[in-house]
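Worksheet: the structure to be examined is printed underneath.
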Amino acid sequence: MTKITKAEIVDAIYERISVDRKVIREIVDLFIEEAKSALVSHKAIELRGFGTFEIKIRKGREKARNPKTGEILSVGSHGIVSFRSGKELRQEVWDLKQEEKPNESEESS
């Protein structure tokens, strides 16, 4: 699976609307800050057609294992970010196949 960076998102937006890259970067950074703030405040973020980000609390465990060292340790309850895709996004990605990855030929070059 290929990744896309924040800088690539800024460049893609710049190519579509031709607003100064610095302004676009500030807007993207502000969006991320607002999303983090909402999640830390236990608020869900619903982006219609895309999905919902929300915080879920995982129960602590007496016996957890560090996968790197194998050490057994205790883990307290903690929050995690959960994402549920929206209906439109689910429909768009439903029929994707392993071989249909974009930019696959660029990666092997």
(request) Can you work out which of the residues in the stretch 5-21 that are surrounded by 10 or more Cβ atoms within 10 Å (Cβ to Cβ) and out of contact with any helix residue (DSSP H, G or I) (no Cβ under 7 Å at 6 or more places or on another chain) is farthest from Leu96 (Cα to Cα)? (result) Val19
(message) Quick check on the stretch 17-68: of everything there that is among the polar types (S, T, N, Q) and outside any helix (DSSP H, G or I), which residue is farthest from Ala7 (Cα to Cα)?
(response) Asn66
(message) Tell me the residue from Arg48, Arg21 that is in the same structural domain as Gly79 (by TED's automatic domain parsing) and out of contact with any strand residue (DSSP E or B) (no Cβ under 6 Å at 6 or more places or on another chain), please.
(response) Arg48
(message) Of all residues being under 15 Å from the mean Cα position of the chain (by Cα) and without any contact (Cβ under 8 Å) to a residue 24 or more places away in the chain in the stretch 39-51, which is nearest to Lys87 (Cα to Cα)? Just the residue, please.
(response) Glu46
(message) Would you confirm, using the coordinates I've provided, whether Lys3 is basic (Lys, Arg) and assigned to a helix (DSSP H, G or I)?
(response) no
(request) Determine the pairs where a residue that is surrounded by 11 or more Cβ atoms within 10 Å (Cβ to Cβ), located within the stretch 60-80, has a partner that is modelled with pLDDT of 90 or more and among the polar types (S, T, N, Q) with Cβ atoms under 6 Å apart, the partner being 6 or more residues away or on another chain. (result) Gly60/Ser77
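The values are calculated or read from the model by the stated rules, or taken from the named source; none is laboratory data. Note that the structure is a prediction, hence the values are computed from the model and not measured. Please note: Cβ atoms are built from the backbone with ideal geometry, for glycine as well, and neighbour counts cover all protein chains shown.
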